[in-house]
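This report refers to the structure that appears directly beneath it.
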Amino acid sequence: MEASGFKYHFSSRATWKQISSAAPRMWWHKIVWFAHAIPRYSFITWLVVRDRLSTGACPYSFTIWNWLCCSLLGQRINPDWEITLRSLTRQSINRDESLLLRLALQATVSEFGENRTIEDTINPMTSTSPYQDH
């Protein structure tokens, strides 16, 4: 290190730690951020979980989710978002099933989240989004 306090190398990790504030991990973080996840789907799922992106298609997306995953989750399928997320954090699900369930959830959420947002943008007069002024 030079006398001025500057280092000879740059570390984005060290910089991020210096400028960001640490927040506690949310109980659902492993459903959103995990190895083998598709980054685009993780980001959209993160937005939905944080209630920053309205899908406007919850009943239909639940129907798709139920169809895709009922054999893996069995009777634990529930249309309540928090119950669904909590069921994916159970320890009794094996690693392969957990990966498939998380990928299926993210694909379902992302597909309907993106399409609803695009529809709201392209044709706001026919959209069913609760966040618009008609």
For THR55, all conditions in the list (1) of a type outside the set (Lys, Arg); (2) modelled with pLDDT of 80 or more; (3) under 16 Å from the mean Cα position of the chain (by Cα) hold save one; what is the number of the exception?
-> (2)
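Residue by residue, here is whether (1) part of a loop (DSSP other than H, G, I, E, B); (2) modelled with pLDDT under 75; (3) touching a Phe, Trp or Tyr at 6+ places or on another chain (Cβ under 6 Å); (4) closer than 30 Å to GLU111 by Cα holds:
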{"position": "GLU2", "(1), (2), (3), (4)": "yes, yes, no, no"}
{"position": "SER21", "(1), (2), (3), (4)": "yes, no, no, no"}
{"position": "PRO24", "(1), (2), (3), (4)": "yes, no, no, yes"}
{"position": "ILE31", "(1), (2), (3), (4)": "no, no, no, yes"}
{"position": "LEU47", "(1), (2), (3), (4)": "no, no, no, yes"}
{"position": "SER71", "(1), (2), (3), (4)": "no, yes, no, yes"}
{"position": "GLU82", "(1), (2), (3), (4)": "no, no, no, yes"}
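The values are calculated or read from the model by the stated rules, or taken from the named source; none is laboratory data. Note that the structure is a prediction, hence the values are computed from the model and not measured. Every residue, glycine among them, receives a Cβ derived from its backbone with ideal geometry; neighbour counts consider all protein chains shown.
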